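To keep things clear, I will list the structure first and then write my remarks on it.
The values are calculated or read from the model by the stated rules, or taken from the named source; none is laboratory data. Just so it is clear, the structure is predicted and the values come from calculations on it, not from any experiment. All Cβ positions, glycine included, derive from the backbone under ideal geometry; neighbour counts span all protein chains shown.
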Amino acid sequence: MIRHLRITVDGKVYDVVVEEVTDQGATGPHTPLPTAPPAAAVAAPKAAAPAAASAATTAPVAPGAGEAQRAPLAGVVLSVAVKAGDAVAADQEICVLEAMKMKTSIFAFKAGTVTAVLVKAGDAVDSDQPLVTIA
């Protein structure tokens with residue numbers, strides 16, 4: 001069934017043609033979409049984490065060196081759980097962001113040493129903005 005709709009967005013009018021591809025309707029049965037395997041299923045990096053952590057704690061790290069842990073979404077920093085010089089384990093919570101009244105914990109993507117904390121509680125951050133660097 002083809003339907004013609006007129007939609008207004010920010011004062012602009014759009015004529016849209018929509019085709020229903022099933023005869024089940026909105027209340028009929030549906031097939032769930034496939035989902036990605038859970039992140040917890042990846043165990044190989046965790047096995048290498050202790051070696052990386054011990055290597056990072058034995059050698060001094062220059063401030064700001066390392067890879068950036070980036071914000072996965074835009075929001076406000078509620079808390080920061082690490083400081084420069086802290087040793088972190090892979091998947092350790094490093095900060096908490098709030099977006100649309102939802103709190104999101106941000107976890108270290110690898111084990112190592114925090115070389116710089118680039119945000120503080122109360123800061124507004126954009127998606128993909130660096131939060132900390134880990135070497």
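List of remarks:
- Residues that are part of a loop (DSSP other than H, G, I, E, B), farther than 16 Å from VAL119 by Cβ and at pLDDT below 90 occur in the range 62-81; there is at least one.
- Residue ID - nearest to ALA121 (Cα to Cα), chosen from residues in the range 67-89 that are over 17 Å from the mean Cα position of the chain (by Cα) and hydrophobic (A, V, I, L, M, F, W, C): VAL82
- Some residue of the range 90-108 being more than 17 Å from the chain's Cα centre (by Cα) and either among the charged types (D, E, K, R) or loosely packed, with under 13 Cβ neighbours inside 10 Å (or both): no
- Just one of the numbered conditions (1) in a loop (DSSP other than H, G, I, E, B); (2) hydrophobic (A, V, I, L, M, F, W, C); (3) touching a Leu at 6+ places or on another chain (Cβ under 9 Å) is not true of PHE109: (3).
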